[in-house]
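Heads up: the structure comes next, in structure tokens.
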Amino acid sequence: MEITMHEIPVSEVAADYVDTPATGCRGYGGKLNIRPTFQREFVYNEAQRDAVIRTVKSGFPLNVMYWVQSDDGTYEMLDGQQRTISICQYVTGGFSFEYRSFNSLTKTERESILDYKLMIYICVGNDAEKLDWFQVINTAGEKLTEQEARNAIYACPWLTDAKNYFSKPNCPAHNLYRQYLSGKAIRQDYLETALKWICDRDGLRAVENYMDAQKKNSTATAFELWNYFLGVMTWVQAIFPTYREKLMKGLNWGILYNRHKDDALDPARLEREISRLLKDTEVTNKRGIYEYLLSGDEKTLSLRQFDDDQKSAAYERQGGICKLCGKHFELNEMEADHIDPWSAGGKTTLDNCQMLCKSCNRRKSNH
Ligand SMILES: [Zn+2]
């Protein structure tokens, strides 16, 4: 059994895509059987399908897919069927996303989707081995975590070294920093976290890219990864010296470090801000406080929203008239807006609520 990693653009995977009872569901120039007999029927709902397209359009990574290569050079899809069908249907005009069909996108938008690379493991082996892989990837029992599956594929001296730091029950990552990490060392969660952070730093799309490079370099040690990880943790403890478990455990500290390690920060001022925001009942996602203080992005705080009673009371008070354009709308055509925004001390109370039509509200929030 041999497993290799490939990056294949959407344009190639969706080439000659067909899905009829006569032909079956095929792509990749007719060479890929997307729905082999052992696969489930297509069951994604609209929201899941849209989530796939949104991921591709944003250029974010999708999870790895598995294909099995047959002796005649064709392929069967082992895992990834529903994501693949979503993408193929979209680029062949099967449905619209955010009210736009693929053909109505600009040339640049279309090209960026067609150039998006899917990460695919291609497995070559006999039927018994393929079946083993299918069991491992898809079925019940103690399913492998993604990182355990990666470790099976990228076993090498570098990985043995990395496991000493991140994967043993009493490894340094556990002994020193478990209070900042979610998951378990033994299930490879710490290793996966560190790898995701360093991939973000290096602009790599997937953990597989980093591990593949380490496997190909016979003299690679995991010291680079460990040293980077130490840098992240030292930075966190220096700028946020007061430890709060509920807020801090499992945050993506490495991503924040990559973006903000060179910012001029004042730990005493940050601590005062944390304390103030913890008491602010408008902030419903307290775990977003750290990211907010570094990036200034209010979205991370999930600020309180007006409830339905407040919305209909404000609507009645205005007689259904949009406060900005002065036109009349039905309640379900309007959205609630804070007259004084949170950043200016505005609260989510009826006297600070106004109803705006959707287009006025969007225009206002873009300013
Ligand atoms: Zn309006």
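The values are calculated or read from the model by the stated rules, or taken from the named source; none is laboratory data. On a predicted model such as this, the values are computed, not experimentally measured, just so you know. Positions of Cβ are generated from backbone atoms using ideal geometry, with glycine treated the same way; all protein chains shown enter the neighbour counts. When the accessible area is computed, the model is the full protein with side chains, heavy atoms only, and any ligands, DNA or RNA have been set aside. Shrake-Rupley method; radii C 1.70, N 1.55, O 1.52, S 1.80 Å.
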Which order do GLU330, GLU208, GLU46, GLU109 take when ranked by solvent-accessible area (1.4 Å probe, heavy atoms of all protein chains), largest first? GLU46, GLU330, GLU109, GLU208
Accessible surface of MET334 - all protein chains present, 1.4 Å probe, nearest 10 Å²: 10
Checking PRO241, PRO21, PRO157 against a Gaussian network model of the chain (alpha-carbon springs below 10 Å), the top fluctuating residue turns out to be PRO21
Sorted list, accessible surface of protein heavy atoms, 1.4 Å probe, largest first, for GLU333, GLU98 is GLU98, GLU333
Among GLN81, PHE60, TYR228, whose Cα lies farthest out toward the positive end of the dipole of the chain, if unit charges sit on the beta carbon of Lys, Arg (+1) and Asp, Glu (-1)? TYR228
Under 5 Å from the placed amide H of GLY320, counting only residues 5+ away or on other chains, we find none
Expected vector for the stretch 174-184, Karplus 3J(HN,Hα) from phi with 6.51, -1.76, 1.60 and θ = phi - 60°, integer Hz, x for Gly and Pro, equals 6, 5, 9, 10, 4, 5, 9, 10, 9, x, 10
Can you flag which of LYS261/LYS286; LYS163/LYS261; LYS117/LYS215; LYS279/LYS327; LYS215/LYS261; LYS246/LYS364 are past 31 Å Cα-Cα? LYS279/LYS327; LYS246/LYS364
Probe 1.4 Å, heavy atoms of protein chains only: per residue, the accessible area of the chain in Å² is 53
Report, by chain and number, residues whose modeled amide H sits under 5 Å from the one on CYS353, excluding near sequence neighbours (fewer than 5 apart, same chain). ILE339
Give the accessible area for ILE339 in Å² (nearest 10); use a 1.4 Å probe, count only protein heavy atoms, and leave out ligands, DNA and RNA. 70
Length gained, THR23-ASP72, 0.36 nm per residue minus C-alpha separation, equals 15.8 nm
Lys/Arg Cβ at +1, Asp/Glu Cβ at -1, dipole of the chain taken about the Cα centre: which of TYR257, LEU159, THR348 is farthest positive-ward? THR348
Gaussian network model of the chain, springs between alpha carbon atoms under 10 Å - residue of ASP280, ASP340, ASP79 with greatest fluctuation: ASP340
Using θ = phi - 60° and the Karplus curve 6.51 cos²θ - 1.76 cosθ + 1.60, what whole-Hz ³J(HN,Hα) does each residue of the stretch 297-310 get, with Gly and Pro shown as x? 8, 5, 4, 5, 8, 6, 4, 4, 10, 5, 8, 4, 5, 5
In whole Hz and in residue order, list the ³J(HN,Hα) couplings for the stretch 96-107 that follow from phi through the Karplus curve 6.51 cos²θ - 1.76 cosθ + 1.60, θ = phi - 60°; x for Gly and Pro. 9, 10, 6, 6, 10, 7, 4, 5, 8, 6, 5, 4
Compute from the Cα atoms of the stretch 148-239 the Rg and the Dmax, the latter being the longest Cα-Cα distance, and quote both in angstrom. 12.5, 38
Work out how much length GLU273 to GLU129 would gain on full extension: take 0.36 nm times their residue separation and subtract the Cα-Cα distance, in nm to one decimal. 46.2 nm
Sum of -39500 (n - 2.57) over DSSP H runs of 4+, divided by residues of the chain (222 nm, nearest 500): -13000 deg cm²/dmol
Rounded Å value of the spacing that divides the Cα centres of the stretch 152-189 and the stretch 63-133: 32
Size of electric dipole in the stretch 308-365: Cβ of Lys, Arg +1 and of Asp, Glu -1, about Cα centre, debye, nearest 20: 300
Within the accessible area of the chain, what % is carbon and sulfur when the probe is 1.4 Å and the other protein chains stay in place? 49
Computed over the chain, the relative contact order (Cα-Cα under 8 Å, seq sep at least six) in percent reads 11
Any idea of SER343's accessible area? Nearest 10 Å², probe 1.4 Å. 80
Can you return the aspartates and glutamates within cross-link range of LYS168? Criterion is Cα-Cα under 12 Å, with same-chain partners fewer than 8 residues away left out. ASP189
Three-way shape call for the chain based on the alpha-carbon gyration tensor, with the a/c threshold at 1.5: oblate
Restricting the count to DSSP beta bridges whose residues both fall in the chain, what percent are antiparallel, rounded to a multiple of 5? 80
